[in-house]
1. Could you pull out the longest piece of the chain with no exposed loop trypsin sites (Lys or Arg not before Pro) in it, calling a site exposed if DSSP puts it outside H, G, I, E, B and it has at most 16 other Cβ atoms within 10 Å?
2. Take the residue pairs LYS36/LYS93; LYS36/LYS159; LYS93/LYS159 and return only those whose Cα atoms are more than 19 Å apart.
3. Can you give me the P(r) profile for segment 33-145? Cα pairs, bins 5 angstrom wide beginning at 0, each as a whole percent.
4. Where a Cα-Cα gap under 17 Å defines reach, which aspartates and glutamates qualify for LYS101, not counting those fewer than 8 residues away within the same chain?
5. Once you sort the root eigenvalues of the Cα gyration tensor of segment 84-192 as a ≥ b ≥ c, which label holds: rounded (a/c under 1.5), prolate (a/b larger than b/c) or oblate (the other case)?
6. Be a star and scan segment 91-111 for residues whose amide nitrogen sits under 17 Å from the point 7 Å along the Cα-to-Cβ vector of ALA39.
7. With r as the distance between the Cβ atoms of PHE91 and ILE8 and R0 = 22 Å, compute the FRET efficiency 1/(1 + (r/R0)^6) and round to 0.05.
8. Starting with the fewest neighbours, write out MET49, MET1, MET90 ranked by other beta-carbon atoms found within 10 Å of each beta-carbon.
Amino acid sequence: MTNLIMIILTTALINNVVLNQFLGICSFLGVSKSMKASASLGVAVIFVMTIASAVASILYDNVLAPLNLDYMKTIVFILIIAALVQIVEMFLKKKAPAIYKALGIYLPLITTNCAVLGVALTNVQDGYGFGESVFAGFGTAVGYTIAIVLLAGIRSRIKEEDLPRPLRGAPIVLISAALMSIAFMGFSGLSL
């Protein structure tokens, strides 16, 4: 159990997918303008990344590896992610149209979000079994959600400030993200 908790802490805080590995930056910067959209995308990423990690682990361990089709893992994982995103998109369109509209283009972009694919590939590379893959996917998605919600909070505060013209917009957002990344480096000494 300690190993699984360490996987979650490591993937969420120490090796944060956005702030340490720099994966998923497009949606991180694009959606973080709104707290509600950021939290909604975070929940969608948690669902997709956790389920994608589980399904990718099952398919890799039971089909790809035994048949020596290791070279197909990237394509198979992309198909798994695309199918899951379509399910989430259809659900939000029907049950939560306001959230669906707020997420806009960024919801389909989860399909091509390198963070989602990256965690599935990293799980295989690290030799994780099913349980470890699920926990690594969940922890990575929670880390993504923490980062995007924190940036949305910072951006909501920045809007209220009178910044020098050269820092307005993208420059201050990138500076904020860089400072968040530096702050998350403090978790590197965390251990159980």
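1. Longest run free of exposed loop sites: 34-158.
2. LYS93/LYS159
3. Whole-percent P(r) values from 0 Å outward: 2, 13, 23, 23, 17, 11, 7, 3, 1, 0.
4. Within reach: GLU89.
5. oblate
6. 96-103
7. Numbers: r = 25 Å, r/R0 = 1.15.
That gives a FRET efficiency of 0.30.
8. MET1, MET90, MET49
Any read-out appearing in this document is the output of simple, stated calculations on the displayed coordinates, not a laboratory observation. Predicted model only: the values in this text are computed from it and were never measured. Note that we place each Cβ from the backbone using ideal geometry, even for glycine, and neighbour counts take in every protein chain shown.
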